[in-house]
Amino acid sequence: MADGTKIKTEAQSLEKTGSQVMIDVLLKNGIDTCWGYPGGAILPFYDALFHTKIRHYLVRHEQGSVHAAEGFAKATGKIGTCISTSGPGATNLITGITDAKMDSVPILALTGQVATSALGSDAFQECDTYGMSIPITKYNALIHNADEVARVTQEAITVAQALRPGPALIDFPKDIQVAKTRVTKPTMRVARRHYEKPAMRGDFDKIIEAIAKAQRPLLYVGGGAITGNAHKELREFAEKADIPVYTTLMGLGAFPAEHKLSLGMAGMHGTPYANKAIQECDFMLALGSRFDDRVALNVNDYGSRAVRAMVDIDEAEINKRVPVDIHIVGDLADVLTHLTKQIKKASRKAWVERITKLKEENPLRFNTEPGVIKPQQTIHELWKKTRGDAIIATDVGQHQMWAAQYYTFNEPRRFITSGGLGTMGFGFPAAIGAKIGQPDKDVFVITGDGSFQMCIQELGTIAMYQIPVKILLFNNGFLGMVRQWQELFYQNRFSHSNMNYNPDFIKICSGYDIPAKRIDKESELGAGLDFLVNSKTSALLEVMIPENEKVYPMVASGARYEQMVDFISKGSKGSETKIHANRPAK
């Protein structure tokens, strides 16, 4: 009897609950930070979390948790983790998970679920989280028994970070969270092709030959150069081949913006000199970019006079929107290393001089008016005051484009934004995640009065945890980009884009004990930015800007690059300010 009791006790000591097993796997994979919001179906996991050293940040809305996880991942390159309960908790993650899928961001979403015995019964706060998340995840699973926990958790973490990164979701029934198992070490059943780097394959000799023949080549660099940690290899390749570089929105920082070969961002609101250079190039090499519809606006015209080549780790992107003449499938850093060894050092003096001339003749420009604060100038001054060394997160809209144009990014993972999905409300919680991931960096969120109100409740998060995120809030009383389109394409019919009752943002911040200041005169700009930049705590600067301010240049959706509207001067109503590329802050 005594011996039997001893054997039973030893067996029990080898058992762990599903929650404990999952936490062990998280920790073994270096996951020590998460954002979440507890609820009934995830309480056993939260109870187990209570006894660990994992840092958990309580957000004020589940959408804030997933965007914070994204910001952490984008700023660090590590996987970001968020947690929610079942039902509405899980559905509130859907937007952020989709955002992560579109921008190839490695995140792990853990969602509570009703007990397995109640699945399919329309139990309280039950929903088909697994089914809903199939098209927006790289990996997802509904755990059916405690023996699966270790394997599923490891697979989710591995697949999310491998190859082209993306989101993974684990739906975790409440009874499995407390069920005991002796299977505590993970195995991998998922096919290796989903996580092991494949051998490079493609037209290497043809690309090398095309580079040698090209007179006016360009490198078209996307977010894959950042997620693939290929920025050093990119610079070495560009300098050896002497090829100018332009980027997508997501590629900003992959190549130093102040480099003589940099053209900045191209596309719908890209720099005029990048868009003009694209029209002249004879060879275009896409690196970690997918010919998206904000750069390749007209699929029949984009780079049609050039030989088009493409390198991507995801074969599904090859020829998806724009047909290419040559392609390579493989890890971008590996491919660039190989190509750099194979190509001959080149000097394209005439083409580089032409690029320099395009920059000088077609600078970014905006109108200035006496006493009026302009957002372009505000962001440019912020760049100078921070010496370009801050992390900038943005929401989506006009302010996002102004930030991309007027804050110069010389390093990767300094620009945190929502690209593919264009998610308003992303910026503020993403800045929180970025600051937690990079505590030694100043982190600013550039937002608008529309976007900010979508996740404004996260003021409670930065106040509770004393997270020093700096908020630059542009207030024009409108949904600015919507208004711009309505003016340009809908004959000034401003249908429901006027934010004609905004709150007093300064008073709201006061309620959270967050320092805040409002400015509405150009003479106040310097002091206002000093207040924000020099704050040792979180702070908000509200900048009142004209409601009719627009983002230029602009190439309309589906239009050709030669149809770009570069700039519209106000003539006698104001003066014109030019911002030249590649000039360091003083």
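The values are calculated or read from the model by the stated rules, or taken from the named source; none is laboratory data. As the structure is a computational prediction, the values presented were derived from the model and not from experiment. Positions of Cβ are backbone-derived with ideal geometry, glycine not excepted, and every protein chain shown enters the neighbour counts.
Give me a count of the residues in the stretch 94-119 that are free of Cβ contacts under 8 Å to residues at least 60 places away in the same chain and under 21 Å from residue 418 (Cβ atoms).
Residues flagged as free of Cβ contacts under 8 Å to residues at least 60 places away in the same chain and under 21 Å from residue 418 (Cβ atoms) within the stretch 94-119 amount to 1.
In the stretch 533-561, which residues are under 23 Å from the mean Cα position of the chain (by Cα), part of a loop (DSSP other than H, G, I, E, B) and assigned by TED's automatic domain parsing to the domain that holds residue 399?
538
Quick one: would you say residue 309 is out of contact with any helix residue (DSSP H, G or I) (no Cβ under 7 Å at 6 or more places or on another chain) and at pLDDT 95 or above?
No; evaluated as a whole, the condition is false for this residue.
Tell me, which residue of the stretch 421-469 that is acidic (Asp, Glu) and outside any loop (DSSP other than H, G, I, E, B) is nearest to residue 79 (Cα to Cα)?
458
Go through the stretch 396-420 and give me each residue that's within 22 Å of residue 291 (Cβ to Cβ) and not in a loop (DSSP other than H, G, I, E, B).
Once the filter is applied, which keeps residues that are within 22 Å of residue 291 (Cβ to Cβ) and not in a loop (DSSP other than H, G, I, E, B), the stretch 396-420 yields 400, 401, 404, 405, 415.
Each row is one residue, and each column tells you yes or no for (1) within 17 Å of the chain's Cα centre (by Cα); (2) under 17 Å from residue 409 (Cα atoms); (3) at pLDDT below 95; (4) aromatic (Phe, Trp, Tyr).
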position	(1), (2), (3), (4)
210	no, no, no, no
223	yes, yes, no, no
243	no, no, no, no
249	yes, yes, no, no
272	no, no, yes, no
283	no, no, no, yes
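Please enumerate the residues belonging to the stretch 65-111 that are farther than 15 Å from residue 461 by Cβ and of a type in the set (Val, Ile, Thr).
Those that are farther than 15 Å from residue 461 by Cβ and of a type in the set (Val, Ile, Thr): 76, 79, 81, 85, 91, 94, 95, 97, 98, 105, 107, 111.
For residue 14, are the conditions met, namely being at pLDDT 95 or above and among the aliphatic types (A, V, I, L, M)? Before the answer, list the steps.
Values: at pLDDT 95 or above: no; among the aliphatic types (A, V, I, L, M): yes.
No.
Within the stretch 61-80, can one find any residue that is more than 21 Å from residue 157 (Cβ to Cβ) and either of a type in the set (Asp, Glu) or in contact with a strand residue (DSSP E or B) (Cβ under 9 Å, 6 or more places away or on another chain) (or both)?
yes
Show the residue pairs meeting these rules: Cβ distance below 8 Å; 6+ apart or different chains; first residue within the stretch 544-566 and more than 17 Å from residue 301 (Cβ to Cβ); second residue in a helix (DSSP H, G or I) and among the acidic types (Asp, Glu).
Close Cβ pairs satisfying both conditions: 548/487; 550/487.
Determine which single condition residue 186 fails, assuming it passes every other condition in (1) in a loop (DSSP other than H, G, I, E, B); (2) free of Cβ contacts under 8 Å to residues at least 60 places away in the same chain.
For residue 186, the exception is condition (2).
Within the stretch 270-301, how many residues are in contact (Cβ under 8 Å) with a residue 12 or more places away in the chain and part of a loop (DSSP other than H, G, I, E, B)?
Initial filter on the stretch 270-301 (in contact (Cβ under 8 Å) with a residue 12 or more places away in the chain): 270-299, 301.
Add one more test, that the residue is part of a loop (DSSP other than H, G, I, E, B), and what stays is 270-271, 281-282, 288-299, 301.
Count: 17.
Okay, residues lined up against (1) farther than 25 Å from residue 377 by Cα; (2) acidic (Asp, Glu); (3) surrounded by 24 or more Cβ atoms within 10 Å (Cβ to Cβ):
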residue	(1), (2), (3)
413	no, no, no
427	no, no, yes
431	no, no, yes
440	yes, yes, no
460	yes, no, no
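Would you please name the residue that is farthest from residue 307 (Cα to Cα), looking only at residues in the stretch 183-208 that are surrounded by 13 or more Cβ atoms within 10 Å (Cβ to Cβ) and charged (D, E, K, R)?
Ranking the candidates gives 203 first.
When you go through (1) within 17 Å of residue 100 (Cβ to Cβ); (2) surrounded by fewer than 21 Cβ atoms within 10 Å (Cβ to Cβ) one by one for residue 157, which number turns out not to apply?
Every listed condition holds for residue 157 apart from (2).
State which residue is surrounded by the fewest Cβ atoms within 10 Å (Cβ to Cβ) when the search covers only the stretch 225-241 and only residues that are within 22 Å of the chain's Cα centre (by Cα) and assigned to a helix (DSSP H, G or I).
Only one residue tops the list, namely 232.
May I ask you to list pairs of residues, at least six apart or on different chains, whose Cβ atoms are under 6 Å apart, with the first in the stretch 338-364 being over 22 Å from residue 562 (Cβ atoms) and the second being small (Gly, Ala, Ser) and surrounded by 18 or more Cβ atoms within 10 Å (Cβ to Cβ)?
343/241; 346/241
If you go through the stretch 302-314 one residue at a time, do you hit one that is of a type in the set (A, V, I, L, M), in a helix (DSSP H, G or I) and either surrounded by 21 or more Cβ atoms within 10 Å (Cβ to Cβ) or not assigned by TED's automatic domain parsing to the domain that holds residue 226 (or both)?
Looking through the stretch 302-314, none of the residues is of a type in the set (A, V, I, L, M), in a helix (DSSP H, G or I) and either surrounded by 21 or more Cβ atoms within 10 Å (Cβ to Cβ) or not assigned by TED's automatic domain parsing to the domain that holds residue 226 (or both).
Where in the stretch 325-395 are the strands (runs of 3 or more DSSP E), entirely inside, with at least 3 residues that are at pLDDT below 95, within 22 Å of residue 307 (Cα to Cα) and over 24 Å from the mean Cα position of the chain (by Cα)?
Those strands (runs of 3 or more DSSP E) do not exist here; none qualify.
Taking the condition under 27 Å from the mean Cα position of the chain (by Cα), assigned to a helix (DSSP H, G or I) and either of a type in the set (A, V, I, L, M, F, W, C) or assigned by TED's automatic domain parsing to the domain that holds residue 48 (or both), does residue 158 pass?
In short, yes.
Filter the stretch 134-154 down to residues that are β-branched (Val, Ile, Thr), crowded, with 20+ Cβ neighbours inside 10 Å and free of Cβ contacts under 8 Å to residues at least 40 places away in the same chain, then give me how many there are.
Qualifying residue count, the stretch 134-154: 1.
Residues in the stretch 356-396 that are of a type in the set (Gly, Ala, Ser) and more than 25 Å from residue 77 (Cα to Cα): how many?
Counting residues in the stretch 356-396 that are of a type in the set (Gly, Ala, Ser) and more than 25 Å from residue 77 (Cα to Cα) gives 1.
So, restricting to helices (runs of 4 or more DSSP H) that lie completely within the stretch 19-104, which ones have at least 3 residues that are modelled with pLDDT of 95 or more and farther than 30 Å from residue 252 by Cα?
Values: elements: 43-49, 62-76, 88-91, 94-102.
Passing ranges, in order: 43-49, 88-91.
Take the residues in the stretch 470-514 that are among the polar types (S, T, N, Q) and assigned to a helix (DSSP H, G or I); name whichever of them is nearest to the chain's Cα centre (by Cα).
484
Restricting to the stretch 132-147, what's the tally of residues that are farther than 19 Å from residue 16 by Cα, assigned to a helix (DSSP H, G or I) and in contact with a Ser or Thr (Cβ under 6 Å, 6 or more places away or on another chain)?
Qualifying residue count for the region: 1.
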